[in-house]
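A.B. asks: One structure coming up, written as structure tokens, with questions to follow.
The values are calculated or read from the model by the stated rules, or taken from the named source; none is laboratory data. In this text, all values refer to a predicted model and were calculated from it rather than measured experimentally. With ideal geometry, Cβ positions are generated from the backbone for all residues, glycine too; neighbour counts draw on all protein chains shown.
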Amino acid sequence: MEKLKQQGHDAIGIKSDVTKRESVENAVQEISNRLGPIGILVNNVGVGYRKQDNWPTGASIPFELVSEQNWRLVQDVNLTSVFNCSQVVGRGMLERGKGAIVNVASISGIVGNIKRHNASYCAAKAGVIMLTRQLASSWAPNGIRINAIAPGYMRTEMGALAIDDPNVKDLLPTMTPMGRAGEPHELGAAAVFLASDASSFMTGQCLVVDGGYTLW
């Protein structure tokens, strides 16, 4: 945010719980009051399993051991948040007859995670992709485009848990034709493309940015 201000942009930061409808509504109202109507929405949030009793932090949890609380947490953060933000912001877009929504999904919504137990995360991100497609078909006549990005293994704080997982870290360079993990800045251009008029005839698509991982 500070970097945006230094570049001469008007920017604000608002803390919000995107899994809670009221929190999202309050944030959207504050943004609209300060900056005007929202024309672009990027749903970029994600979480894997949280630590359970007797299970190390950051480790993937076998499906048979996942608690209902953890399952609901992953679904709420990864999928329900997209529902909340898209619906609240989307209502304003519908009134104005224009807008662009970019949902950050994952290749985990397209293919399974080799040697990692991420059933809840995979299910949620697959839901993001299908929500993108269905909502795009519904709102296209209203001038709203909705697309998704499916990142591969990226060297982010969350992604490092998978990249450095002893069970898979030696496999990833082999499984990825480009032989490496992605860097966060390599997603930025994809998001800008989908949010801008450069993709004016695209909607309901899922743009995969994975170094070729899903080619096999």
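A.B. asks: In the range 127-162, which residues are surrounded by fewer than 18 Cβ atoms within 10 Å (Cβ to Cβ), among the aliphatic types (A, V, I, L, M) and in a helix (DSSP H, G or I)?
C.D. replies: If the condition is that a residue be surrounded by fewer than 18 Cβ atoms within 10 Å (Cβ to Cβ), among the aliphatic types (A, V, I, L, M) and in a helix (DSSP H, G or I), then 130, 140, 160, 161 are the ones that fit.
A.B. asks: Could you list, in sequence order, all residues of the range 45-77 that are exposed (fewer than 15 other Cβ atoms within 10 Å of the Cβ) and either at pLDDT 95 or above or part of a helix (DSSP H, G or I) (or both)?
C.D. replies: Within the range 45-77, 63, 64, 65, 68, 69, 72 meet the criteria.
A.B. asks: Can I ask one more? Out of all the residues in the range 90-108, which are touching a helix residue (DSSP H, G or I) at 6+ places or on another chain (Cβ under 6 Å), in a helix (DSSP H, G or I) and touching a residue at least 60 places away in the same chain (Cβ under 8 Å)?
C.D. replies: 107
A.B. asks: Which of the residues belonging to the range 10-34 are surrounded by 10 or more Cβ atoms within 10 Å (Cβ to Cβ) and in a loop (DSSP other than H, G, I, E, B)?
C.D. replies: Answer for the range 10-34, where residues must be surrounded by 10 or more Cβ atoms within 10 Å (Cβ to Cβ) and in a loop (DSSP other than H, G, I, E, B): 11, 12, 14, 16, 17, 18, 19, 20.
A.B. asks: Let me ask something additional. Pull out all pairs, ordered by first then second residue, where Cβ-Cβ is under 6 Å, the residues are six or more apart or on different chains, the first lies in the range 27-42 and is over 17 Å from residue 83 (Cα atoms), and the second is modelled with pLDDT of 95 or more and in a helix (DSSP H, G or I).
C.D. replies: These pairs meet every condition: 37/92.
A.B. asks: In addition: Just to be sure I understand, how many residues within the range 172-216 are among the charged types (D, E, K, R), at pLDDT 95 or above, surrounded by 12 or more Cβ atoms within 10 Å (Cβ to Cβ) and in a helix (DSSP H, G or I)?
C.D. replies: 0
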